[in-house]
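What follows is a set of notes on a single structure, which appears directly below.
Rule-based calculations on the coordinates, nothing more; no lab input. Small disclaimer: the values here were computed from a predicted structure and weren't measured. Please note: Cβ atoms are built from the backbone with ideal geometry, for glycine as well, and neighbour counts cover all protein chains shown.
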Amino acid sequence: MSTAPETLRLLRPGDELALEAFLARHAAGSMFLRANLRSAGLDDRGAVYQGTYAAALAGGAVVGVAAHYWNHMLVLQAPDGVERVAAAAVQASGRKVAGILGPLAQARAARQALGFAERATTTDSGEVLFRLALDRLVVPAALAKGAVRFRRAAAAEHGLLAEWRMAYAQETFRREVSPALGRASRAEVEQLAGEGALFVLEAEGVPVSCCSFNASLPDMVQIGGVFTPSQHRQRGHARAVVAGALLEARRRGVAQAILFTGGHNEAAQRAYRGIGFEPVGDYAIILFAK
């Protein structure tokens, strides 16, 4: 995409500070990379959140990175040399590529360089990247007045939330319903709940919406998995559950929030703007068909 960096190499334990220094300068579009790095470091034995990281360096400093993770997702933050770092990460990991995440132009360039331009996808979405300083969060009236109740997900409703997560995958990513999707959805619910990152909104004692933190840092969180069943939509529940999660994050000192949503999803964009989010860039979700 631009001039080649001086060097290209795989990152190893001991490179964490150099990588974080680079990613912090691109914080809004690097939440998966930063949160996974914080959770799992630079080892890659295939455990949750681990990945193989390839970096471009110039003058000894990281100027781009691609990570190929345990879940076969390739995640990018490489304004310079994205094609090279993407290819290096995939080659070194030995994993198949299930999808690509990252800034839109970078994701498209990496897809082309990896020879996946014609590969079938279930999702190929240009997303709007939003950011919010949590001291500017607008709390919906229903939540502020107690007409709806926000809380962490309860163990007894993990089955229900797994069904919702399957429906979310169908609607958002065009995933086919299958036993494998059911198992994956339940595993994701259990993982998020175990991390204290899965949330529910109740209205009159009935769960009506959910969301999660799909990446978390001490100063920044990223919202994902926002879902409201069809019978509960158009009542402001999505913005209320997101606001509830962000209020909780703010109470423990988090200062910023990130999320992204489809460029054509005007309803979602209105909801997020309504609680204070502002667009700061773009993001890509590319998920390949099996």
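If we count every other residue with Cβ under 15 angstrom of Cys210's Cβ, Lys/Arg +1 and Asp/Glu -1, where does the sum land?
Spelling it out: positives minus negatives among the neighbours equals 0.
Using amide H atoms built in the peptide plane, which far-off residues or other-chain residues are under 5 Å from Gly276 H to H?
Long-range HN contacts for Gly276: Val138.
How many nm separate the modelled label positions at Leu247 and Glu204, each set 7 Å beyond the Cα in the direction of the Cβ?
My value for the distance between the label points is 2.1 nm.
So what's the angle, to the nearest 10 degrees on a 0 to 90 scale, between helix 158-173 and the longest Cα principal axis of the chain?
Tilt of helix 158-173: around 60 degrees.
About its Cα centre, what dipole magnitude does the chain give when the only charges are +1 on Lys and Arg Cβ and -1 on Asp and Glu Cβ, stated in debye to the nearest 20?
400 debye
Round to a whole angstrom and tell me the spacing of the C-alpha centers of segment 62-86 and segment 140-219.
29 Å
Given Ala78, Thr228, Val254, which one lies farthest toward the positive end of the charge dipole of the chain, if we put +1 on the Cβ of every Lys and Arg and -1 on the Cβ of every Asp and Glu?
Positive-most Cα among the choices belongs to Thr228.
Let me spell out the model: positive unit charges on the Cβ of Lys and Arg, negative unit charges on the Cβ of Asp and Glu, origin at the Cα centre of segment 130-281. What dipole size does that give, in debye rounded to 20?
Using Cβ point charges on Lys, Arg, Asp and Glu, segment 130-281 gives about 300 debye.
What dipole magnitude, in Debye to the nearest 20, does segment 68-220 give about its Cα centre under +1 on Lys/Arg Cβ and -1 on Asp/Glu Cβ?
Numbers: 17 positive and 16 negative charges, 33 e Å.
It works out to roughly 160 debye.
Between beta-carbons, use under 13 Å as the cut-off and find the net charge around Arg250, counting Lys and Arg +1, Asp and Glu -1.
0
Return the percentage of antiparallel bridges among DSSP beta bridges fully within the chain, rounded to the nearest 5 %.
Just about 90 percent of them are antiparallel.
Which residue fluctuates the most in the chain, going by a Gaussian network model with Cα springs under 10 Å, if the choices are Asp15, Asp80, Asp44?
Asp15
Is the shape of segment 121-194 rounded, prolate or oblate, going by the alpha carbon gyration tensor and its root eigenvalues a ≥ b ≥ c, with a/c under 1.5 for rounded and a/b larger than b/c for prolate?
On the way: a/c = 2.48, a/b = 1.35, b/c = 1.84.
In terms of gyration-tensor shape, oblate.
Would you work out if segment 211-290 is rounded, prolate or oblate? Take a ≥ b ≥ c from the square roots of the eigenvalues of the alpha-carbon gyration tensor; rounded if a/c is under 1.5, else prolate when a/b is larger than b/c, oblate otherwise.
It comes out oblate by the Cα gyration axes.
So for segment 130-281, Kirkwood radius off the Cα pairs, Stokes-Einstein at 10 °C and 1.306 mPa s: how many µm² s⁻¹?
Rounded, D is 102 µm²/s.
Report the calculated FRET efficiency for Arg233 and Glu6 (r = Cβ-Cβ distance, R0 = 41 Å), to the nearest 0.05.
Once rounded, the FRET efficiency stands at 0.20.
List the residues of segment 62-87 whose backbone N lies under 11 Å from a point placed 7 Å from the Cα of Ala18 along the Cα-to-Cβ direction.
Residues 62-63 qualify, since their backbone N sits under 11 Å from the label point.
Projecting each Cα onto the charge dipole of the chain (Lys/Arg +1, Asp/Glu -1 at the beta carbon, about the Cα centre), which of Gly51, Gly14, Pro207 comes out farthest on the positive side?
It is Pro207, whose Cα lies furthest towards the positive end.
What percent do you get for the relative contact order of segment 183-250 when only Cα pairs under 8 Å and 6+ apart count?
So the answer I get is 25 percent.
Using the Cα atoms of segment 7-119, I'd like the radius of gyration and the largest Cα-Cα distance, Dmax, both in angstrom.
Radius of gyration, then largest Cα-Cα span, for segment 7-119: 12.4, 38 Å.
Please rank Trp164, Trp70, fewest neighbouring Cβ atoms within 10 Å first, as an exposure proxy. Don't skip to the end; give the middle numbers.
Values: Trp164 21, Trp70 18.
Listed from fewest to most nearby Cβ atoms, that is Trp70, Trp164.
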